[in-house]
Amino acid sequence: MTENENIKKPVILSGITPTGILTIGHLAGALKNWSQMQNDFDCYYMIADLHAITARQKPADLRLRTLDTAAMFIACGIDPERSVLFIQSHVPEHTQLTWVLSCLTGMGECSRMTQFKDKSQKSEESVNVGLFSYPVLMASDILLYQADAVPVGEDQKQHLELSRDLANRFNNLYSPTFKVPEPYIPKIGARIMSLQDPSKKMSKSDDNQSSVIYLTDTDEVIKNKIKRAVTDSGSDIKANPEKQGIYNLITLYHLSTGKSFEEIEIEFEGKGYGEFKAAVGNAVAGFIRPLREKYEQLRHDDKLLKEILMTGAEKAGRTAAKTLSKVYKKTGFLSF
Ligand code: ATP
Ligand code: LTN
């Protein structure tokens, strides 16, 4: 082992729920950063299947989506040799710690969560206790691995605050046990909006498929979706955040080509939306193609995928068990 390998890197953990096919939004806002972070951090990347069942899932679909999501993580650059890639339900410590932390969480803390308020307003019959305590499970995910930082989108910041509060509360009540995690929010420009309603985030659960570029979409599908994307009145290709449709397409072109917003404005000066959309379509299709091909290859190798996930769960389990055993002892549970 070299000297460098001996130095312990800071730990990060993040996850995505396997409730749909991943989109170019996940690549821009999560997976691209996660893949880069592998150089500087000890990374735990998780498929949050326990969180997924806070909304009703068909068992067969959940099984497929869990493997789809794992294959897509790898296709997007998560290297299972360097990072711990695992399925949340394979490490029972997540649910065990959730119970202990639930007993330290106030009802008000969970009912204040914006995501809970939004999701519970949508349909009353879908409001279950799991949806309510979703952020406590998320805190357990993070605290079990003593994560220093958690890369998440802005929408998850409030949940992370609760994780910090719970870590501090447990540490103060008993003795220092948990690392208090910091949020790690990527810079703006990484947020991809719906192609049909650019005031809304592109989301894997959108009912309108033409709003979303899935990472499994073929070249033709991608080009067509971009061609039909809603744009604003006017004709200039200028990165003005108020012109949300064009701004979103510029962001996609920037993501796919690495060109800066200024370079893009110069390239398309005096050109119309039609020409710009065709260029964005080609660039995005070319950007996604190698990921899709790698994904398809992996997805046809169930055996390899399962081996990777079993190894990931073993590694994650070892870390999680250490933390949980401290928590149980401090709480007063007997162990013989
Ligand atoms: P759902 O529709 O199932 O509620 P979603 O597709 O909106 O989910 P999540 O699964 O909650 O997204 O997202 C996981 C992570 O991926 C988030 O923390 C967020 O940072 C990132 N992400 C998701 N969609 C986008 C997007 N359109 N742009 C940028 N980042 C995104
Ligand atoms: N709720 C998260 C997914 C998630 C997560 C986590 C993210 C579950 N557990 C722990 C970071 C850390 C979301 O983004 N939808």
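In the structure shown, do any of LYS223/LYS259; LYS8/LYS330; LYS117/LYS259 have a Cα-Cα gap over 31 Å, and if so which? In this structure, LYS117/LYS259 lie more than 31 Å apart at Cα. Could you work out the local net charge near ALA316, counting Lys and Arg as +1, Asp and Glu as -1, over the other residues with Cβ closer than 12 Å to its Cβ? Every neighbour counted, the sum reads -1.
Here the extension length gained between GLU263 and GLU275 equals 2.7 nm, from 0.36 nm per residue of separation less the Cα-Cα distance.
Once backbone amide H atoms are built at 1.01 Å from N, MET193 has MET202 as its partners under 5 Å, excluding neighbours fewer than 5 places away on the same chain.
Applying 1/(1 + (r/R0)^6) with R0 = 30 Å to the Cβ-Cβ distance of SER205 and GLN36, what FRET efficiency is obtained, to the nearest 0.05? About 0.70, to the nearest 0.05.
Taking a ≥ b ≥ c as the square roots of the eigenvalues of the Cα gyration tensor, region 45-103 is classed as oblate, since a/c reaches at least 1.5 and a/b does not exceed b/c.
The order of PHE336, PHE86, going from fewest to most other C-beta atoms within 10 Å of their C-beta, is PHE336, PHE86.
The aspartates and glutamates whose alpha-carbon is closer than 13 Å to the alpha-carbon of LYS201, local same-chain residues fewer than 8 away aside, are GLU154, ASP155. Note on region 91-176: with charges restricted to the Cβ of Lys and Arg (+1) and Asp and Glu (-1), its dipole about the Cα centre is near 160 debye. When only alpha carbons are used to place a centre, region 258-291 and region 51-130 end up 35 Å from one another. Within region 124-159, whose backbone N sits under 19 Å from a point 7 Å along Cα→Cβ of ASP197? Label zone hits: 124, 155.
Footprinting exposure proxy ranking of ASP40, ASP68, fewest other C-beta atoms within 10 angstrom first, gives ASP40, ASP68.
DSSP beta bridges fully contained in the chain are about 10 percent antiparallel.
Only the coordinates and a few stated rules stand behind these numbers; no lab work does. Everything numeric here is computed off the predicted structure, so don't read it as measured data. Methodologically, a virtual Cβ is constructed for each residue, glycine included, from the backbone with ideal geometry; neighbour enumeration extends over all protein chains shown.
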